[in-house]
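Have a look at the structure below, then the notes.
Values in this text are rule-based calculations from the coordinates and carry no lab data. Values in this document were obtained by computation on a predicted structure and should not be read as measured data. Glycine also receives a Cβ, built like all others from the backbone with ideal geometry; neighbour counts cover every protein chain displayed.
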Amino acid sequence: MTRITVCYFAESLERLEHFRQQEIESIAEIWRIEKGYGPKELCTFLESPADSTIALMKFHSAALLKFVASRAVLLHSVCEQIVIARSMNLMLRKLSKMQSVLENLGMGVGRRFKLHIHASGFSFTAEEKRRLYEVLGLALPHVGIVDLVTPETEFWVFFEGKRSEHDGPQLSIQRICFTKLLYNSARQSLLARYSLKTRPHIGTTSLPPELSFLLANIGLIRSSALVYDCFCGTGSTLVSAGHFGAICLGSDRDARTMRGRPSPKRKQTEKKYPKPRSIDLAFQGPKSIVGNMDYYDLQKRSVDFMRLSVESCKDLWRTSRGGLFDAIVTDPPYGIREGAKRVDRVKCSEMSLHRMNINTAGDQCPLSSIPFVQYSTAELESDLLNFAASSLRLHGRIVFWHPTAIGVADYFPTHPCLQLLYKSTHNINVRFSRDLLVFEKICEPSHAEKATDQTDKWVAFMMNFKRRELPSTDPMQKDSVRDVYFATPTWRSG
């Protein structure tokens with residue numbers, strides 16, 4: 001495909017501009033794996049997509065372009081470039097010499113077409129848009145029929161610029177792109193179908209569909225891939241993985257979240273502050289992670305869901321050399337909405353065996369009999385990378401969120417067998433953010449190769465950050481993200 005393509009990205013409330021290029025490149029990699037191509041450059045960004053809602057790209061083929069549009073959740077539409085100019089008059093002069101080209105593209109005799117106008121970096125007033133439509137309608141060399149309801153072809157005109165408030169609002173146009181629509185992305189259909197408002201079972205940390213499908217694309221989740229989420233919760237990431245045809249397996253320490261049995265404290269909160277939701281009343285399945293998979297007709301894509309802590313994963317999944325999972329996509333708890341805890345193995349060894357004989361229903365031993373201790377972020381991520389290095393297949397990916405503070409140097413563990421591919425920041429509020437870390441397995445680990453221990457650096461980083469911002473507070477423990485986050489309400493953007 002030789003022509004330049006204009007990618008129109010959706011403006012997200014989650015502010016995911018820095019993830020656009022990662023998603024497109026990852027979807028192209030999925031297409032390369034499914035087609036069996038060798039390593040090659042399938043798509044090229046001619047400019048950064050994080051700076052504007054439109055970006056110029058080149059794709060290897062039209063089939064790849066269609067595949068990207070069918071999966072991308074941050075993409076609005078894909079268009080074919082016709083004319084690029086720096087002013088309206090220059091664009092119209094170029095189009096006046098391309099009557100035969102425009103007729104072949106969809107403005108010929110008897111052809112129905114529609115025209116869209118989009119502004120990037122500013123917004124048009126209703127009067128300005130009306131005048132632009134009048135000018136374009138009179139100046140375009142077409143013999144077709146304008147049809148706003150059932151058009152055969154759609155054309156987009158993208159304006160990039162900004163408004164200057166000095167001496168009155170003046171509009172400065174930097175670039176105008178006249179394009180033809182090729183494909184609309186699957187964004188609208190995915191967000192509408194998998195909305196949390198209609199999902200039977202959600203929790204306090206359920207990922208919205210925009211983020212869960214973004215993680216699925218970056219994690220190279222594809223048909224028949226075995227995907228594991230060791231902090232599955234209500235199953236948001238596994239629902240997205242199942243939509244793309246993956247085989248899903250999940251586990252979580254909190255069995256009540258998976259089964260849809262909230263804690264007594266959460267029941268009181270939901271009763272006191274009920275949230276209106278548009279749940280499908282015709283659905284008679286359970287309000288649990290299994291019910292979520294059944295609601296979207298993905299029960300054939302789920303293997304099992306079990307109660308398991310992440311530090312015990314390496315003991316359960318005794319994988320042979322070569323790995324078991326194609327991808328590990330998860331959203332670990334870091335203490336803001338849900339606390340991070342692990343089983344205290346020292347106390348467990350001191351307890352009698354009959355008290356630890358727990359069946360799958362959890363009836364023989366109450367939850368209070370299992371000793372838990374605080375699980376620091378550094379320890380959790382180190383265990384997660386060690387597990388990924390031993391259980392992932394070669395070139396498999398692990399994708400997870402890492403909490404940090406805005407504008408402060410951060411530390412996160414690494415592993416000699418895992419290569420860091422992407423590290424992009426998603427701001428939570430004015431003080432805190434989280435980085436999406438994407439690692440790829442590049443070699444098989446030996447018994448001596450472990451993840452780097454960043455516990456001491458993590459504790460020092462958080463303690464110094466808290467002393468600088470909150471000098472009157474008490475010394476911090478290892479798992480300090482929650483303490484710092486809720487230290488003062490002025491840090492919260494809401």
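A few notes on this one:
- Charge dipole magnitude, Cβ of K and R +1, D and E -1 - the stretch 214-263, Cα centre, debye nearest 20: 140
- Whether the stretch 5-189 is rounded, prolate or oblate, judged on the alpha carbon gyration tensor where a/c under 1.5 counts as rounded: oblate
- Separation in nanometres of the label points that stand 7 Å from Cα toward Cβ, at residue 51 and residue 126: 3.5
- Debye-sum result for the stretch 27-109 in log10 I(q)/I(0), which assumes one identical scatterer on each alpha carbon, at q = 0.19 Å⁻¹: -0.99
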